[in-house]
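Student: Would you mind keeping the following structure in view while I ask a few things?
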Amino acid sequence: VKRIGILTSGGDSQGMNAAVRAVVRMAIFRGCEPFLIHEGYNGLIKGKDMISKASWEDVSGFLTTGGTVIGTARCTEFREYEGRQIAALNLIKTGISALVVIGGDGSLTGADNLRAEWPNHIADLLKKDLITKQMATDFSCLMIVGMVGSIDNDLATTDLTIGAVSALTRICEAVDALQCTASSHHRAFVVEVMGRSCGWLALSAAICTGADYVFIPEDPPNSSTWEKKLCTELKNRRDAGKKTSLVIVAEGAVDSELNPIKSEHIKDILTTRLNYDTRVTILGHVQRGGSPSFYDRYLGTVQGAEAIEAILKADASTPSLVIGILENKITAQPLKEAIKLTKQVANEIKNKNFSRALELRSTSFLN
Ligand code: ADP
């Protein structure tokens, strides 16, 4: 019977639990044995009680719960070869030959590294007498399937990541609440949302709340003119009768010279140049909290099911895969390529090739 391990790693996001539940139940349905690995890679390295066989009932209630019930962590030991070797030993001792990882690009890269080094780990563990020859033969290959849990929607090659829609929903609710008080006092609000190198949350929130201005990392404004342009734009709208102003800023927003665009700085501009009563709201971790929207329950569930199918179809020559969604179809694509493209977008921004960054993003959401 095939044993499949599942863990969540890195930052949490709504819908991760739905994915864990689907992996467990689909695995059982397809005659496999699922194992929950608690607290991300920390649990994989600690072993013992941190890795437990999962029953159908163990994941009941997961579908509607936010965060990740099995826990997540950042694990420095797993970044080192030695740490990954202990993880390999614990996998082999538990009899796990396929690992499903739900996390961001860091977590998925870590899993892919473990797989790439697998033959070395097997050879080392044999040499150290920590595994038998039979174990080495039985576990000659580790299959990796990733799913992306990220509210930022920052992975290339997928239209949406698990958690992004819930976070956007939460942002819209929060901004709607701010708009009431803004209009009562004729205030301006600067709302900062998450997204270090990806402006999807900020841009989508701006569209969905009717914001007056938005700053995203992929489309930085001219460093010498943006402040004046912002003031002109907001003033024109007030002159046309609007009582409030709303500016949405991604946390990673920059200008064309890569200077960070900070919410407090925007507030100072609006206060001193336009004399607006301006408040800053940084939504922070509220965006990650609460129960998942219908879409993340759906996405986590169908992707979790696909992860099991991908494992059952794989052989030793199958590369590590990442499950995504493109044009409403669930996809299983090579993990390495998806991460390479994702890193490329961030690099194009750093190198000030903004149009190229936008073009690469447009493969996933701006088209
Ligand atoms: P995310 O998965 O959300 O991008 P991180 O980048 O913090 O979050 O990664 C989460 C964990 O994944 C790290 O604490 C580490 O254990 C593991 N990890 C990240 N990058 C690597 C890497 N290059 N090699 C091995 N493990 C990694």
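The values are calculated or read from the model by the stated rules, or taken from the named source; none is laboratory data. These numbers were taken from a predicted model, which means no experiment stands behind them. Quick reminder, even Gly has a Cβ in these numbers, built from the backbone with ideal geometry, and neighbours come from all protein chains shown.
Student: Of the residues that sit in segment 103-127 and are closer than 30 Å to residue 67 by Cβ and among the charged types (D, E, K, R), which one is modelled with the lowest pLDDT?
Tutor: Only one residue fits best here, namely 105.
Student: Here's a follow-up. All but one of (1) in a helix (DSSP H, G or I); (2) in contact (Cβ under 8 Å) with a residue 60 or more places away in the chain hold for residue 246; state the number of the condition that does not hold.
Tutor: (1)
Student: Follow-up question, since we're still on this one. Identify the single condition in (1) within 13 Å of the ligand (Cβ to nearest atom); (2) closer than 26 Å to residue 325 by Cα; (3) out of contact with any Cys (no Cβ under 9 Å at 6 or more places or on another chain) that residue 67 does not satisfy, given that it satisfies every other one.
Tutor: (1)
Student: Within segment 70-99, take every residue that is charged (D, E, K, R) and within 15 Å of the ligand (Cβ to nearest atom) and give me the one that is nearest to residue 5 (Cα to Cα).
Tutor: 84
Student: Can you name every residue in segment 71-111 that is acidic (Asp, Glu) and surrounded by 20 or more Cβ atoms within 10 Å (Cβ to Cβ)?
Tutor: Within segment 71-111, just 105 meets the criteria.
Student: Using the structure shown, decide if residue 324 is out of contact with any strand residue (DSSP E or B) (no Cβ under 8 Å at 6 or more places or on another chain) and under 19 Å from residue 152 (Cα atoms).
Tutor: no
Student: Now a separate question. Scanning for something surrounded by fewer than 19 Cβ atoms within 10 Å (Cβ to Cβ), touching a helix residue (DSSP H, G or I) at 6+ places or on another chain (Cβ under 9 Å) and part of a helix (DSSP H, G or I), does segment 250-257 turn up at least one residue?
Tutor: Looking for residues that are surrounded by fewer than 19 Cβ atoms within 10 Å (Cβ to Cβ), touching a helix residue (DSSP H, G or I) at 6+ places or on another chain (Cβ under 9 Å) and part of a helix (DSSP H, G or I), one finds none in segment 250-257, hence no.
Student: Is it the case that residue 136 is within 13 Å of the ligand (Cβ to nearest atom) and of a type outside the set (Ser, Thr, Tyr)?
Tutor: no
Student: Starting from segment 73-85, keep only residues that are closer than 13 Å to residue 39 by Cα, then list their pairs with residues that are in a loop (DSSP other than H, G, I, E, B) and more than 7 Å from the ligand (Cβ to nearest atom) whose Cβ atoms are within a distance under 8 Å, requiring at least 6 positions of separation or different chains.
Tutor: Sorted first by the residue in segment 73-85, then by its partner, the pairs are 73/39.
Student: Can I ask one more? Specify which of the listed residues (45, 37) is over 22 Å from residue 285 (Cβ atoms), buried (at least 24 other Cβ atoms within 10 Å of the Cβ) and of a type outside the set (Asp, Glu).
Tutor: One residue alone meets the criteria, 37.
Student: Residue by residue through segment 100-126, note down the ones that are within 17 Å of residue 34 (Cβ to Cβ) and more than 13 Å from the ligand (Cβ to nearest atom).
Tutor: 100
Student: Here's another thing I want to ask about it. Assuming residue 157 fulfils every condition listed in (1) on the phi > 0 side of the Ramachandran plot; (2) within 14 Å of the ligand (Cβ to nearest atom); (3) at pLDDT below 95 apart from one, which condition is it?
Tutor: Of (1) on the phi > 0 side of the Ramachandran plot; (2) within 14 Å of the ligand (Cβ to nearest atom); (3) at pLDDT below 95, only one is false for residue 157: (2).
Student: Let me ask you something else. For segment 308-326, state whether one or more residues are within 22 Å of residue 164 (Cβ to Cβ) and loosely packed, with under 15 Cβ neighbours inside 10 Å.
Tutor: Yes, there is a match, as at least one residue in segment 308-326 is within 22 Å of residue 164 (Cβ to Cβ) and loosely packed, with under 15 Cβ neighbours inside 10 Å.
Student: In the set 324, 300, 304, which member is touching a residue at least 40 places away in the same chain (Cβ under 8 Å) and assigned to a strand (DSSP E or B)?
Tutor: From the options 324, 300, 304, the qualifying one is 324.
Student: Do the conditions hold for residue 202, that is, is it touching a Phe, Trp or Tyr at 6+ places or on another chain (Cβ under 9 Å), more than 30 Å from residue 331 (Cβ to Cβ) and either among the charged types (D, E, K, R) or crowded, with 21+ Cβ neighbours inside 10 Å (or both)?
Tutor: no
Student: Being touching a helix residue (DSSP H, G or I) at 6+ places or on another chain (Cβ under 6 Å) and in contact (Cβ under 8 Å) with a residue 24 or more places away in the chain: is that true of residue 349 here?
Tutor: Taking the combined requirement at face value, the residue satisfies it.
Student: Now for a different question. If I ask for residues that are under 16 Å from the mean Cα position of the chain (by Cα), surrounded by 20 or more Cβ atoms within 10 Å (Cβ to Cβ) and not in a helix (DSSP H, G or I), which ones from segment 269-292 would you list?
Tutor: Passing the criteria: only 292.
Student: What are the pairs with Cβ atoms under 6 angstrom where one residue, in segment 24-52, is over 13 Å from residue 91 (Cβ atoms) and the other, located anywhere, is basic (Lys, Arg)? Sequence gap at least six, or different chains.
Tutor: Pairs that qualify, where the first residue is over 13 Å from residue 91 (Cβ atoms) and the partner is basic (Lys, Arg), are 32/2; 33/3.
Student: Right, here's the next one. Does residue 266 satisfy the criteria of being surrounded by fewer than 24 Cβ atoms within 10 Å (Cβ to Cβ), not hydroxyl-bearing (Ser, Thr, Tyr) and not in a strand (DSSP E or B)?
Tutor: Against the criterion (surrounded by fewer than 24 Cβ atoms within 10 Å (Cβ to Cβ), not hydroxyl-bearing (Ser, Thr, Tyr) and not in a strand (DSSP E or B)), residue 266 qualifies.
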